[in-house]
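J.: Here you go, one structure.
The values are calculated or read from the model by the stated rules, or taken from the named source; none is laboratory data. Keep in mind that what you see is a predicted model, and the values were worked out from it rather than measured. Reconstructed Cβ throughout: ideal geometry from the backbone, glycine too, with neighbour counts over all protein chains shown. Side chains included, ligands, DNA and RNA excluded: accessible areas come from the protein's heavy atoms. Shrake-Rupley method; radii C 1.70, N 1.55, O 1.52, S 1.80 Å.
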Amino acid sequence: MSRKTNIREQRRPRTVIVGAGITEYWYLKHLKKLTGYSYVLQPSLFGDESMQTIQQRIKDAISEGSSVICVFDEDVSQWNDSEKRRLEDIHKTYGSNDKVVIASSMPSLEYWFLLHYDNTNRYFGTSNKVIESLKKHISSFCKKEQFLRQEKWVVNIIEKV
């Protein structure tokens, strides 16, 4: 009688999104549900991760064979020199890596939301100024979790596409 052999199924390569910020987290969580896109959010709830933490998450995901989309606001580079250097290092290290997409925004992700409503190239300087303009289209928009966890604001953005 022969022994039963354990056969491990190969994991399909996956896409991992790493990032920082609760706005980014809730937008991507809702987008995944509403569109059926297949990706894993890491960490499972974005917070105020440093660029050092983000860089480690990129490294870990690549080592697992995953493709990585890195989402963060670059405005941190305007007031934090150490984060600015880490941010530059992320661009230098992974900018030409075909397994990594760096999806950074300046000043903030809210600018991307605004582009769904206004075709603008206006310089805003700060995310607060972007949010002021965005509120003309999503009047109740705010960066508090109570608002962000509601799916409707993402539905509205998707409908504009």
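J.: Given (1) among the hydroxyl-bearing types (S, T, Y); (2) in contact (Cβ under 8 Å) with a residue 12 or more places away in the chain; (3) farther than 15 Å from T15 by Cα, identify the lone condition not met by S82.
T.: Evaluating S82 over (1) among the hydroxyl-bearing types (S, T, Y); (2) in contact (Cβ under 8 Å) with a residue 12 or more places away in the chain; (3) farther than 15 Å from T15 by Cα leaves (2) as the failure.
J.: A follow-up question, please. So which pairs qualify, if the first residue must be in region 110-125 and open to solvent by less than 50 Å² (accessible area, probe 1.4 Å) and part of a loop (DSSP other than H, G, I, E, B), the second must be β-branched (V, I, T) and at pLDDT 90 or above, the Cβ gap must be under 6 Å, and the two must be at least 6 apart or on different chains?
T.: H116/I157; F124/V130
J.: Right, another one. Which residue pairs have Cβ atoms closer than 8 Å, lie 6 or more positions apart in sequence or on different chains, and pair a first residue in region 52-64 that is aliphatic (A, V, I, L, M) with a second residue that is surrounded by fewer than 16 Cβ atoms within 10 Å (Cβ to Cβ)?
T.: Listed by first residue and then by second, the contacts come to I62/N97; I62/K99.
J.: Name every residue in region 20-42 that is open to solvent by 50 Å² or more (accessible area, probe 1.4 Å) and of a type in the set (G, A, S), in order of residue number.
T.: The answer is G36, S38.
J.: Listed residues I131, I138, I102; which is modelled with pLDDT of 90 or more, in contact with a helix residue (DSSP H, G or I) (Cβ under 6 Å, 6 or more places away or on another chain) and not in a helix (DSSP H, G or I)? Before you say what the answer is, go through the steps one by one.
T.: On the way: I131 fails: not in a helix (DSSP H, G or I); I102 fails: in contact with a helix residue (DSSP H, G or I) (Cβ under 6 Å, 6 or more places away or on another chain).
Result: I138 is the single residue among I131, I138, I102 that is modelled with pLDDT of 90 or more, in contact with a helix residue (DSSP H, G or I) (Cβ under 6 Å, 6 or more places away or on another chain) and not in a helix (DSSP H, G or I).
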